[in-house]
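In what follows, a single structure is set out as structure tokens and then discussed.
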Amino acid sequence: MLWWLGRSTNHHFFGVTVTNRQYSQSEYLSVLSQAQVEPLKLLAEAVIPALEPITVIYNRTGLVMLPYRDSAQGSTFHLGEVLIAEARIQAAGAEGYGACLGHDLEQSLAIAILDTALTVGQHVEPITAFIAAQAQLQHEAQESLLRNVESTRAEMETF
């Protein structure tokens, strides 16, 4: 069962207001790209009937350059290549996009489906509730990681 169905949230487009926080399309796509995969796919499956027919423009894997900023000089350089899966679909008169690390084409397609649904205003409340829950989980994981890193910090004297 989809636990987030029926939860009320406010919404606003382009961008989504979730629990009094405004998410741009870029921000909610970032959250979705790092979301738990199985619940993401289940939610996308539930949304599909409202968007049919769906045309897949592309659903592919590829390598992208990973930019990184040198902390000393502030210049940007390419750290290396990263494998991603990306999808672009058209449905209900709008296009949706999704991308994620790795080669899970179903995950990228699920993100594109949810992006399209938000764009056309379908299933907004369950999707925004899912985004809010995933953003909270990701925030908690990041905080935990930072606490663990901080606990290993060593103070050194310099001369």
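With a cut-off of 11 Å between beta carbons, the residues surrounding ARG88 carry a summed charge of -2, where Lys and Arg count +1 and Asp and Glu -1.
Given the Cα atoms of the chain, and with Rh set as the inverse mean 1/r over their pairs in the Kirkwood sense, what is Rg to Rh to two decimals?
Across the chain, the Cα-based Rg/Rh ratio is 1.06.
What does the charge add up to near ILE57, with Lys and Arg as +1, Asp and Glu as -1, over the other residues with Cβ less than 13 Å from its Cβ?
Net charge around ILE57: -1.
All of the numbers you see were taken from the coordinates with simple rules; none came from a lab. In this text the structure is predicted, and so the values were computed from the model without any measurement. Reconstructed Cβ throughout: ideal geometry from the backbone, glycine too, with neighbour counts over all protein chains shown.
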